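Structure first, commentary second.
We did not get these values from a lab; they are worked out from the coordinates using the rules stated. Every value quoted in this text rests on a predicted model; they were computed, and no experiment measured them. Cβ atoms come from the backbone with ideal geometry, glycine included; neighbour counts cover every protein chain shown.
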Amino acid sequence: MAIREIVPYTDKFIRKQSKPVSVFDDKLAELLDDMWETLLSVNGAGLSAVQVGVLKRVFILNINNMRIEFVNPTIIKKSGEQCKEEGCLSVAGQYNYVKRPQCVTVVAYDRFGNKFTLTCEDWTAVCVCHECDHLDGILFIDKICEPPKGER
Ligand code: NI
């Protein structure tokens, strides 16, 4: 395993479209292992492959000691709305409010190619949406909104 360098938002690479994974092989496993080592080294909540320079539709989440790998994720259902403060390992030191669905259902594959469906809400839903955006070259700084009343 190896810690990989994180691509900053100032690098145009971060805006590229990631491509679906078609082969669930050792190379994919190595990418995921390296992403875990990278994410845990900075105590982050989520990391997409594009952020370590690989244009594959892959991201990982580390939330409340729950570690999940998503390959070829698709959000199939969204409901409600929430506005929370987000940050990003590619946008060091910046935090802004972003509007997201309160609840999302995502279909994805694990590293072995097994399909799964996950419905999540609150902060986990924020993270799923944030990471899915990365796979399409979208950053949270593209979606900044006003903080909800009562905050700030
Ligand atoms: Ni991010």
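Observations, loosely collected:
- Here the calculated FRET efficiency for residue 29 and residue 102, from their Cβ-Cβ distance with R0 = 30 Å, stands at 0.35, rounded to the nearest 0.05.
- DSSP-defined beta bridges in segment 12-142 - what % are antiparallel, rounded to 5: 95
- Fluctuation leader among 21, 126, 71 - the chain, Gaussian network, Cα springs under 10 angstrom: 21
- Radius of gyration, Dmax [segment 63-109; alpha carbons; angstrom]: 12.9, 32
- Summed residue charge, Cβ within 10 Å of residue 18's Cβ, Lys/Arg positive, Asp/Glu negative: +3
- Gain in span if fully extended, residue 83 to residue 15, counting 0.36 nm per residue against the direct Cα distance: 22.1 nm
- Counting 0.36 nm for each residue step from residue 67 to residue 110 and taking away their Cα separation leaves a gain of 14.3 nm.
- Nonlocal Lys pairs with alpha-carbon distance under 14 Å, segment 12-142 (8 or more apart, or different chains): 5
- Residue-by-residue Karplus 3J(HN,Hα) for segment 134-139, coefficients 6.51, -1.76, 1.60, Hz, glycine and proline x: 3, 5, 10, x, 9, 10
- Rounded Å value of the spacing that divides the Cα centres of segment 17-63 and segment 127-147: 17
- Residues whose amide H comes within less than 5 Å of that of residue 138, counting only those at least five positions distant or on another chain, are absent (H built at 1.01 Å from N in the peptide plane).
- Once the gyration tensor of the Cα atoms in the chain is diagonalised, the equivalent ellipsoid follows with semi-axes of 24, 18, 14 Å, ordered largest first.
- Whichever aspartates and glutamates have a C-alpha closer than 12 Å to that of residue 143, once near sequence neighbours (fewer than 8 apart) are set aside: 85, 86, 133
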